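Report on one structure; see the data block that follows.
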Amino acid sequence: MSKIKIHYSELPVMKKLQKFFSKLGFKEDSLLIVIALVIGIFTGIGSIAFTWLIDIAHNFCYGGEDFTGIYQGKWYFLILLPAVGALLVGIITYNFAREARGHGVPEVMDAIARKNSIIRGRVAIAKAISSALTIGSGGSAGTEGPIIQIGAALGSSIGQKIKLKKHYMSIAVGCGAAAGISAIFHAPIAGVLFALEVFLRNIKFKTFSPVLIASVMSSVTVSAILGENSAIFPVVDSAFSFTWQETFTYLLLGLVCAFPSVGFIKMLYFTEDLFEQKIKIHYILKPVVGAIALGAVGIIMIKFFGDQSPHEPSVFGNSYPMLGLFIGSSNHGDEAITLTIITLLGLIFMKSLATCCTLGSGGSGGVFAPSLFVGASTGYLFGLILQKTQLIAGVAPENYALVGMASAVAATTHAPMAAIMIVFEMTRNYQVMLPLMLAVTISLMIAQLLYKESIYTLKLTRRGVDYQALSDKAILRSVSVGEVMHTDLLKIKYDTPLMDVINMAIGHDYADFIVTSNDKYIGTLNEHDLREALLQPEAVPLLVAGELVRENVPLISTEESMDRVLDLFAELGVNSLPVAEDDQFIGMVTRSDLMRKYQQALNHR
């Protein structure tokens with residue numbers, strides 16, 4: 001075989017970068033840092049554009065500080081505005097990207113698990129516009145699910161464009177997801193933890209460092225463009241206090257928060273089933289029906305619960321203004337809230353119902369902000385009861401609302417470290433850390449006892465996808481053939497007598513041969529076929545290697561991931577595969593090599 005020479009200008013972008021960085025002395029993995037940096041910058045810019053679109057839609061519908069919207073307190077606009085927004089969302093998702101409907105994160109997990117982390121670039125655009133229309137027109141949803149999907153789509157698109165190795169694609173997607181959380185919540189540490197806990201589940205330096213770089217660069221990009229990077233809900237240190245007497249109450253708060261959180265998960269998927277299976281109308285119109293139901297919820301909030309929001313009902317949109325009031329955030333002035341136990345119970349149920357109407361019907365948005373709201377209102381209710389019963393002196397309901405936020409997020413997402421850090425970074429208040437850790441641990445434990453699946457994995461399970469099992473297989477996806485193969489290969493010609501092949505096999509640990517004819521690859525002769533031939537010793541002197549060759553065994557490259565190799569072993573019934581690079585044989589990879597590496601990776605994890 002003659003070696004094929006490829007001119008440098010004809011190489012894919014990735015190979016050009018590899019060649020450039022290798023001259024500088026960097027290893028191949030270092031390229032991931034550069035790619036992560038690019039993903040972080042683009043996702044940061046994307047989050048600013050996304051937030052801008054939401055603000056435009058919201059100000060147009062409900063007004064802002066310097067703009068009077070269409071709503072102006074007229075009750076019928078609470079139905080009409082979300083319905084028009086939902087109709088546009090239905091048209092966009094139906095015609096351009098159906099992955100953009102719903103809360104987005106399960107679609108990213110599905111892409112990692114079953115689609116080699118391939119996400120269409122158009123998903124980022126469709127998700128940004130449809131989510132901005134949903135949230136801006138009043139849909140009860142958060143911004144984190146959309147920006148995670150937007151960032152993941154950007155990471156996947158960049159990886160596809162530069163022909164990133166398949167086993168690195170999931171890291172690129174994880175970089176986009178982390179960068180999205182970091183940008184939208186000003187929370188770079190939480191972004192990293194969320195990506196690792198929910199998507200990658202494989203914490204090692206090769207995975208951790210690119211995700212960290214992407215998250216930091218996204219936050220830096222947002223700060224550089226907007227000129228600020230302040231906490232979303234700043235709470236003065238002196239405003240939060242924790243004494244040892246409250247240890248038990250915060251543990252009890254974690255237990256209490258698990259119940260409405262699990263109820264929210266069940267309610268959301270019940271609503272999805274209702275719209276998918278029971279309501280027989282066109283795909284485009286289903287979000288409109290959900291929006292009409294949402295409008296009814298908003299009207300009820302105003303008429304019967306005395307909703308105190310100055311613009312749209314407090315259960316509309318991401319509900320951040322109400323969240324700020326719950327926890328006494330300084331970003332929301334000196335406003336005070338007066339809430340009864342009945343009103344708080346109504347808020348918990350109505351916010352859950354509003355979110356289910358929005359997302360269960362096919363609207364576009366996230367479940368993180370609704371989970372924060374459910375947790376904050378539950379925590380405030382818990383603190384208010386403690387205050388009224390005077391079981392503990394000096395109880396501030398705002399403190400319990402703050403801790404309740406993280407408890408509910410942990411119970412719904414099953415990502416406790418991210419839940420703790422995201423609330424900490426959203427408030428920048430270190431005093432809250434101890435009660436957060438106490439409550440979050442209990443909330444997650446009880447939620448998992450009540451319901452095995454998280455709000456994200458449940459959708460995959462209903463599709464027949466076991467994400468935990470696939471995350472184990474993802475270990476193989478992160479290992480390339482070049483890391484496992486050995487260079488000791490046995491190569492013979494097509495017309496080599498079989499007796500000579502048997503003599504060559506003696507003394508080797510394995511007896512699989514590469515068979516060539518006129519320097520061209522024909523296939524492989526494996527140990528199993530040799531043993532079968534030896535069962536008929538009288539025929540051995542009459543046979544040549546080519547008569548036993550398996551011509552369906554392909555050549556694989558060093559860049560191939562080991563999960564694909566495992567599939568080939570099962571499909572072809574062989575124990576080894578030849579490895580070639582630039583039309584030259586460079587080694588073999590065997591089933592035992594693969595299993596040894598897999599066991600080492602499992603032990604390391």
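Every residue, every condition in (1) under 24 Å from the mean Cα position of the chain (by Cα); (2) at pLDDT 90 or above, yes or no:
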position: PHE208; (1), (2): yes, no
position: GLY227; (1), (2): no, no
position: PHE264; (1), (2): yes, yes
position: LYS280; (1), (2): no, no
position: LYS303; (1), (2): no, no
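Pairs meeting the criteria (first residue in segment 434-456 and in a loop (DSSP other than H, G, I, E, B), second residue hydroxyl-bearing (Ser, Thr, Tyr), beta carbons under 6 Å, at least 6 apart or on different chains) are GLU453/THR461; SER454/THR413; ILE455/THR412.
Taking the conditions (1) surrounded by fewer than 24 Cβ atoms within 10 Å (Cβ to Cβ); (2) under 26 Å from ALA187 (Cα atoms) in turn, GLU107 satisfies each one other than (1).
The number of residues in segment 63-103 that are in contact (Cβ under 8 Å) with a residue 24 or more places away in the chain, among the β-branched types (Val, Ile, Thr) and farther than 15 Å from SER131 by Cβ comes to 2. None of LEU294, LEU268, LEU274, LEU255 is closer than 26 Å to LEU458 by Cα, open to solvent by 60 Å² or more (accessible area, probe 1.4 Å), touching a Gly at 6+ places or on another chain (Cβ under 8 Å) and at pLDDT 85 or above except LEU274. Looking across segment 434-452, the residues that are under 10 Å from ALA258 (Cβ atoms) and either among the β-branched types (Val, Ile, Thr) or surrounded by fewer than 20 Cβ atoms within 10 Å (Cβ to Cβ) (or both) come down to ILE442, MET445, ILE446, GLN448, LEU449, LEU450, TYR451.
Screening PRO106 against (1) farther than 30 Å from LYS163 by Cβ; (2) touching a residue at least 60 places away in the same chain (Cβ under 8 Å) leaves a single unmet condition, (1).
Candidates are the residues of segment 91-112 that are in a loop (DSSP other than H, G, I, E, B) and farther than 16 Å from VAL289 by Cα; the one that is modelled with the highest pLDDT is PHE96.
In this structure, SER130 qualifies as out of contact with any Gly (no Cβ under 7 Å at 6 or more places or on another chain) and part of a helix (DSSP H, G or I).
Reported count of residues in segment 33-45, each being in contact with a Ser or Thr (Cβ under 9 Å, 6 or more places away or on another chain) and either at pLDDT 90 or above or open to solvent by less than 10 Å² (accessible area, probe 1.4 Å) (or both), is 8. Look at segment 510-537: where a residue is more than 14 Å from LEU490 (Cα to Cα) and crowded, with 16+ Cβ neighbours inside 10 Å and a partner is of a type in the set (Val, Ile, Thr) and at pLDDT below 75, sitting 6+ places away or on another chain with Cβ atoms under 9 Å, you get ALA533/VAL540. Across segment 117-158, the number of residues qualifying as free of Cβ contacts under 8 Å to residues at least 60 places away in the same chain and surrounded by fewer than 24 Cβ atoms within 10 Å (Cβ to Cβ) comes to 6. Looking at SER117, SER47, just one residue is within 27 Å of ALA179 (Cα to Cα) and not in a helix (DSSP H, G or I), and that residue is SER117. When GLU551 is tested against the conditions (1) surrounded by 15 or more Cβ atoms within 10 Å (Cβ to Cβ); (2) touching a Gly at 6+ places or on another chain (Cβ under 6 Å), the lone failure is (1). Remark: PHE316 falls outside the filter, which requires a residue to be over 22 Å from ALA57 (Cα atoms), at pLDDT 90 or above and either under 29 Å from the mean Cα position of the chain (by Cα) or surrounded by 19 or more Cβ atoms within 10 Å (Cβ to Cβ) (or both).
Here is a yes/no grid of residues against (1) under 15 Å from GLY40 (Cβ atoms); (2) surrounded by 22 or more Cβ atoms within 10 Å (Cβ to Cβ); (3) in contact with a Gly (Cβ under 6 Å, 6 or more places away or on another chain):
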site: GLN160; (1), (2), (3): no, no, no
site: LEU164; (1), (2), (3): no, yes, no
site: MET169; (1), (2), (3): no, yes, yes
site: VAL173; (1), (2), (3): yes, yes, yes
site: ALA179; (1), (2), (3): yes, yes, yes
site: PHE185; (1), (2), (3): yes, yes, no
site: ILE189; (1), (2), (3): yes, no, no
site: LEU193; (1), (2), (3): no, yes, no
site: PHE199; (1), (2), (3): no, yes, yes
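When residues in segment 58-77 are screened for being within 17 Å of ALA296 (Cβ to Cβ) and open to solvent by 100 Å² or more (accessible area, probe 1.4 Å), 2 of them pass.
The values are calculated or read from the model by the stated rules, or taken from the named source; none is laboratory data. Everything numeric here is computed off the predicted structure, so don't read it as measured data. So basically every Cβ, Gly included, is an ideal-geometry build from the backbone, and we count neighbours across all protein chains shown. For accessibility, only protein heavy atoms count, side chains too; no ligands or nucleic acids. Shrake-Rupley method; radii C 1.70, N 1.55, O 1.52, S 1.80 Å.
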